[in-house]
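A short worksheet on the structure shown next.
The values are calculated or read from the model by the stated rules, or taken from the named source; none is laboratory data. Quick caveat: nothing in here was measured; it's all calculated off a predicted structure. Ideal geometry is used to build each Cβ from the backbone, glycine not excepted, and the neighbour counts take in all protein chains shown. In case anyone asks, the SASA skips ligands and DNA or RNA and just uses the protein heavy atoms, side chains included. Shrake-Rupley method; radii C 1.70, N 1.55, O 1.52, S 1.80 Å.
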Amino acid sequence: MQNDTPKCGLIEQKQGEYTDNLAIDAYFWYVQDWKHDAYTHVHQRGQLTYVEQGYQYFHLGAKTYLVPKNHVIWIPSNQEHRISSEAQTVHLRVALFKTVPNLAFFQQVHVFLAPPVLKEMLLYASKWNQVVDDNPEQALFIQAILRNLPEFCQEKESLHIPVPSHPRLLSVCNYINAHYNITCKVDELAMLAQLSTRSLQRLFKQETGITLQKYTQLIRILKSIELLDKQEYTLSEIAIQVGYKSLSAFTTSYHTIMKSSPRRK
């Protein structure tokens with residue numbers, strides 16, 4: 001469907017495909033509570049997205065990445081992706097780059113907590129919000145952000161949610177996603193997958209790189225981030241809702257994944 005409305009400065013010629021006629025090499029785009037299309041799309045620019053408020057899921061190939069508040073994600077050019085979120089409010093700051101350094105870092109997806117200096121640089125860049133005309137100061141400043149990204153990156157591998165391709169494993173993941181608040185026994189999951197317990201554990205680790213137990217922990221913590229964003233529950237209530245028997249067990253698990261303690265806003 002033709003849509004002549006600019007989306008992050010680009011024109012969508014048909015669903016998910018964009019025409020990039022901009023001469024400017026790098027620019028910044030920010031709209032409060034901007035709702036991105038939920039379908040898969042691709043563009044020819046590297047994308048740096050900072051989540052200022054709420055949280056955002058980015059779906060890229062066989063992985064889903066959670067980007068919580070104050071985190072950033074780097075997405076290489078020509079990488080198909082879509083985004084989703086159940087957060088009440090999501091504020092995203094996006095920088096897009098036509099030219100990137102010839103380093104392996106920029107060919108991979110990265111998710112990490114924005115250090116204070118990067119956060120301040122992104123906030124300062126708002127002075128050029130949606131400016132797509134040549135501006136020497138703007139070009140130098142935004143390129144400075146790009147060149148320093150590898151130094152800023154203290155990546156959180158735990159925010160990557162692996163998605164297996166095997167249909168039997170997908171049924172197991174779907175079950176865990178729907179029943180994360182209870183203890184899913186391995187033998188019951190094996191029956192669901194029509195595999196032996198040993199085969200299920202081996203195949204799941206082979207396809208995702210993590211164990212079933214680690215996957216369940218990861219899903220629980222990601223769900224807790226959604227509940228924290230709602231600001232409707234105490235930490236103890238959240239702990240119970242995501243399947244932990246005590247606040248201390250939840251806090252320990254949260255810290256293992258996020259490297260910080262859970263906090264209500």
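In this structure the amide hydrogen of Thr64, modeled in the peptide plane, comes within under 5 Å of the amide hydrogens of Ile161, Val163, none closer than 5 places in sequence on its chain. The orientation-averaged shadow of the Cα convex hull for region 53-105, equal to a quarter of the hull surface, comes to 4.3 nm².
Here the contact order of region 70-154, divided by its residue count and restricted to Cα pairs under 8 Å and six or more residues apart, works out to 42 percent. When the charge dipole of the chain is built from unit charges on Cβ atoms (+1 for Lys and Arg, -1 for Asp and Glu) and taken about the Cα centre, the candidate among Leu92, Thr40, Ala62 whose Cα reaches farthest toward its positive end is Ala62.
The figure for Thr211 is an accessible area of roughly 60 square angstrom, using a 1.4 Å probe on the protein chains alone.
Spread over its residues, the convex hull of the C-alpha atoms of region 1-109 is 100 Å³ per residue. Exposed loop sites were defined as GluC sites (Glu not before Pro) in DSSP loop states (anything but H, G, I, E or B) carrying at most 16 other C-beta atoms within 10 Å; in the chain the longest segment without such a site runs 87-231. Every helix of 4 or more DSSP H residues in the chain counts as -39500 (n - 2.57), and over all residues that averages to -11000 deg cm²/dmol at 222 nm. On a per residue basis, the convex hull of the C-alpha atoms belonging to region 29-173 measures out at 120 Å³.
Annotation: region 208-256 has a Kirkwood hydrodynamic radius of 11.0 angstrom, from the mean reciprocal C-alpha pair distance. Its residues counted as N, the chain yields a C-alpha radius of gyration over 2.2 N^0.38 Å of 1.09. Cross-link check: pairs Lys119/Lys230; Lys98/Lys259; Lys7/Lys214 evaluated at a Cα-Cα cut-off of 31 Å; pairs beyond the cut-off: Lys98/Lys259; Lys7/Lys214.
From largest to smallest, the equivalent ellipsoid semi-axes obtained for region 111-265 from the alpha-carbon gyration tensor read 38, 21, 13 Å.
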